[in-house]
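Structure first, then comments.
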Amino acid sequence: MSFAAAVNGSRLLRSLAEFAAIGATPAGGVNRQALSPEDRAARRLLAERAQARGFSIFQDEAANLFVRRRGNHDGLPAVLIGSHLDSQPTGGRFDGALGTLSAFEVLEAIEDAGIATVRPIEVVAFTNEEGCRYAPGCMGSMAFAGLHAINEWNAAAAPDGTHLAQDLADTLAALPEAMIRPERPEVFAFIELHIEQGPVLEREGVPIGVVTAVQGTKWLEVTLTGEAAHAGTTPREFRKDAMAAAAEAIAALQATVMVVDPQARLTVGRLSLEPGSINVIPRRVTFTIDIRHPERMLLADLEEQVRTTCAMAAERWRCSLEIASRLDMAPGVFEPVLTAAIETACQTQGVAYRRMTSGAFHDALFVNRIAPSAMIFVPCRGGISHNEAEFVAADDIVQGAATLLDVTLDLANRNPTLRVMT
């Protein structure tokens with residue numbers, strides 16, 4: 001049986017618009033960076049709406065915000081649903097917020113219909129998924145999963161000079177009515193709804209993506225050091241040109257990595273050179289490389305290819321080479337029982353779906369370390385995300401929430417003596 005009709009589509013669309021007004025940009029996007037006043041305002045609005053419906057609210061030390069609806073067996077591990085509320089500086093109104101507000105609509109729809117559930121259901125808004133104001137991203141979910149303690153990042157500084165410890169304390173203090181949970185509660189299952197951030201679903205005309213895995217990611221910082229010299233008087237054989245070595249390595253990698261393996265991803269996102277004068281051969285060049293692959297061993301092979309290619313270019317241009325690892329995130333495979341539950345919900349509703357791997361990492365990747373997890377994707381126009389032009393059609397928004405509702409009720413009413421994997 002499907003409860004999809006219980007979703008109040010107009011209420012959800014109105015909610016998305018109201019939250020998009022918090023940190024709204026002139027171009028129609030959102031600037032609601034983590035632990036900022038705008039982020040606190042969004043958290044405040046969610047908390048007020050939750051309390052108005054009689055739901056309980058909690059925080060943990062990482063300022064992850066939880067909204068709880070009781071179950072008939074309230075001591076059982078909860079079904080957790082949600083995403084995040086923070087955005088990029090020129091972000092869209094759907095990335096993160098769609099998943100959190102759709103999850104809250106699920107709670108409201110269940111409450112409106114007077115449906116009792118065996119297990120409690122909790123909505124979560126994780127802290128700092130985007131990682132743009134404070135790095136790294138997904139701080140809240142990593143802390144929740146016990147992979148890091150939030151105080152490990154206390155010294156991290158925002159561009160305005162504020163430190164994470166202060167912003168975190170101010171954010172927690174801004175919601176004094178939300179009790180602080182001293183310990184992480186046991187989670188029965190976690191489902192995160194998110195925009196695809198890619199073009200596949202829209203191109204194929206499929207409204208629901210069932211995410212079975214998340215690509216692994218490695219961030220490398222490459223530094224090539226040569227020798228500064230006059231641009232006009234230094235022949236080729238005397239040059240120790242760090243920029244030439246960098247360009248050679250980047251060109252070789254771009255010509256091979258994604259060409260040979262369509263599942264691989266390679267991006268050079270940041271580059272700086274010194275001394276930065278138009279008529280001086282660069283002495284030092286530093287650039288970043290983001291590599292991704294859904295298979296752990298092939299991701300390791302990609303890193304080795306990067307290191308070998310950079311070493312060869314450095315040798316040809318007589319430069320020294322340093323490569324530092326800045327992020328090493330293993331691929332994640334989601335719980336098959338949960339992906340099957342999403343597919344069953346789609347089949348019951350008569351909605352098309354496709355299985356897919358997420359190219360971006362999300363909070364679900366880290367929650368998956370401690371509890372069975374899965375994700376639902378909905379299409380976004382042109383695959384555009386992290387952009388003020390980000391857009392999701394109303395029908396796809398409502399369908400995503402309806403799918404999430406049916407999956408949540410399925411999980412929340414499973415036999416209390418069973419684990420999700422059985």
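Details
- Added length on full extension, which subtracts the Cα-Cα distance from 0.36 nm per residue, Gln254 to Ala135: 40.2 nm
- Residue among Met356, Gly269, Ile342 farthest towards the positive dipole end of region 245-357, charges placed on Cβ: Gly269
- Residue order, fewest to most beta carbons within 10 Å, for Asp86, Asp167, Asp112: Asp112, Asp167, Asp86
- Using only side-chain charges placed at the Cβ, +1 for Lys and Arg and -1 for Asp and Glu, the dipole size of the chain relative to its Cα centre rounds to 280 debye.
- Net charge of neighbours whose Cβ lies under 9 Å from the Cβ of Ile150, counting Lys and Arg as +1 and Asp and Glu as -1: -3
- Note on Arg236 and Gln51: the extension gain reaches 59.5 nm, defined as 0.36 nm multiplied by sequence separation minus the Cα-Cα distance.
- For the residues Ala341, Ala231, Ala314, a GNM of the chain with alpha-carbon springs under 10 Å puts the largest fluctuation on Ala231.
- Farthest toward the positive end of the dipole of region 216-329, out of Ala231, Trp219, Ala252, is the Cα of Ala231, where the dipole comes from beta carbon charges about the Cα centre.
- Net charge dipole, region 216-329: roughly 260 debye, given to the nearest 20, about the Cα centre with Cβ charges of +1 for Lys and Arg and -1 for Asp and Glu.
- Separation of alpha-carbon centers, region 19-95 and region 288-324, rounded to whole Å: 39
- The chain - share of DSSP beta bridges that are antiparallel (%, nearest 5): 65
- Springs join every pair of Cα atoms under 10 Å in this Gaussian network model of the chain, and among Val124, Val268, Val211 the largest mean-square fluctuation is at Val268.
- Selection from Val407, Leu298, Ser56, by position along the positive dipole direction of the chain (Cβ): Leu298
- Rounded to the nearest 20 debye, the dipole size of region 321-385 about its Cα centre is 220 debye, using +1 on the Cβ of Lys and Arg and -1 on the Cβ of Asp and Glu.
- Sorted by Cβ neighbour density within 10 Å, fewest at the top, the residues Leu12, Leu76: Leu76, Leu12
- Long hydrophobic helices in the chain: the complete DSSP H runs spanning 18 Å or more by Cα along their own axis with mean Kyte-Doolittle hydropathy of at least -1.0 are 97-113, 242-260, 296-316, 336-349, 394-412.
- In percent, rounded to a whole number, the relative contact order of the chain is 24, using alpha-carbon pairs under 8 Å and six or more apart.
- Label-zone membership for region 317-361, site Asp395, 7 angstrom Cα→C-beta point, backbone N under 12 Å: 352
- Neighbours of Glu227 by Cβ distance under 10 Å: Lys/Arg scored +1, Asp/Glu scored -1, total +4.
- Over the residues of the chain, the helix contribution to mean residue ellipticity at 222 nm works out to -11000 deg cm²/dmol, using -39500 (n - 2.57) for each DSSP H run of at least 4.
- Going through (1) 44, 29, 24; (2) 43, 23, 19; (3) 37, 26, 18, the figure that equals semi-axes √(5λ) of the Cα gyration tensor in Å as computed for the structure here is (2).
- Cα shape, region 330-412, gyration tensor, a/c 1.5 rule: oblate
- 14 Å reach of a label modelled at Arg381, 7 Å along Cα-to-Cβ, counting backbone N of region 11-41: 28-29
- Amide H contacts for His148 (H built 1.01 Å from N in the peptide plane; partners 5 or more residues away or on another chain; cut-off under 5 Å): Ala143.
Computed from the coordinates by the stated procedures, all read-outs in this text should not be read as laboratory data. On a predicted model such as this, the values are computed, not experimentally measured, just so you know. Cβ: placed from backbone, ideal geometry, glycine included. Neighbour counts: every protein chain shown.
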